[in-house]
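The values are calculated or read from the model by the stated rules, or taken from the named source; none is laboratory data. The model shown is predicted, which means the values in this text are computed figures rather than measured ones. Please note: Cβ atoms are built from the backbone with ideal geometry, for glycine as well, and neighbour counts cover all protein chains shown.
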Ligand code: UDP
Ligand code: MG
C-alpha cells in the first residue's frame, strides 16, 4: 500500500490542534487504500503545542513528530518535515485549518493519475486587509517579472508532492529559504485544483507586516539578481543625465558667464545621488549577507527529538 505523509508545521497552535486532529482522523478513517502518517513539526512553540502532539501521538500511532530546538520559521520547519517524511507522497498542511483537509482526496486522485505536484490555488484569500492583498499582488508582480520560471499567484504551501519532488527539495539546502519559489523552480508535472481559503479556526496568524516584508525581500533576493541589474541600469541613466547636464552648464557658462547661484539644484542633486547610492549599496548588501550566511554552512534547523512508532 502507498503511504501518504501529512506534514503539519506548528508554531503556537495549541488551540487549533484538536480541531485539526478531528478532521484528519475522520479523513484517514474514511479514505481507504493508503497507509497514513501525520508528521507534526513543532517549530519551537511557546504554548503547550508539544504536549498536545505528544498526547495525540500516544493515542494514535499514525502520528509522528519532530521537535525543533527553537523557532526556526515555517520555511525551515518544512525542510525538517521533508527530511523526516517517510511517505510516497507528502501533503503540506497548515495547522490552523485554513487549508481544508477535505481537499486531500482530490489531490490523491490527481497524484494517482501521474501528477507530481498537485497544488491548491485559493479563489479568495480569507479574511485579509485591503492593504495586505494589494502588497501581496505587488510582490508577485515584481517577482514574476524578474525570474525566468513561472511563479504561481495565490498558491500557498498547501499541496501534494510526490517522493520525487521531496527528494529534490531535500537537496536544496540553502539556509535562507523561500519554499514557494522552490516548488516552482524544481519543475515536475504540476496540476492545479482550486479552493476557498477558510479563516483561522483559532489562534492568531504569526505573520505581521514586517515579517511579510522580510519574506518578500527573501523571495526576490533568493530567486533573482534582477535588483543588482536594476541598480546598474539606474547608475547608467543617472551618469548619462549628469553628463548631459554638465554639457548644458558648460555651454551656459561659456555663452552667458557665471553668476554664483543654483544652491537648490545643487543640494537636491547631491541628496538625490546620495539616496540612490545608499539604495544600491543596500541592494548589494542583501546579496553579500546571503553569501555570508551560506558560506557558514550551518544546518538549516536543529532537532531536539524525533518520535515515530510506526
Ligand atoms: N508556522 C511555523 N513556524 C513559524 C510560523 C508559522 O511552523 O514560525 C506554521 C503555523 O503553525 C501554521 C503555518 O505555519 O501551521 C502557517 O502559519 P500562519 O497561519 O501563521 O500563516 P498564514 O496562514 O497567516 O499565512
Ligand atoms: Mg494560517
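Things worth noting here:
- Annotation: of all residues in segment 200-232 being surrounded by fewer than 11 Cβ atoms within 10 Å (Cβ to Cβ) and either away from ligand 1 (no atom under 14 Å from the Cβ) or at pLDDT below 75 (or both), the one that is nearest to the chain's Cα centre (by Cα) is 208.
- Checking each residue in segment 91-112 for being under 21 Å from residue 184 (Cβ atoms) and away from ligand 1 (no atom under 15 Å from the Cβ) picks out 103, 107, 110, 111.
- Each residue in segment 143-160 was checked for being at pLDDT below 80, in contact with a helix residue (DSSP H, G or I) (Cβ under 7 Å, 6 or more places away or on another chain) and more than 16 Å from ligand 1 (Cβ to nearest atom), and 6 pass.
- Applying the condition of being closer than 14 Å to residue 38 by Cβ and in a strand (DSSP E or B) to segment 61-99 and asking which residue is nearest to ligand 2 (Cβ to nearest atom) yields 92.
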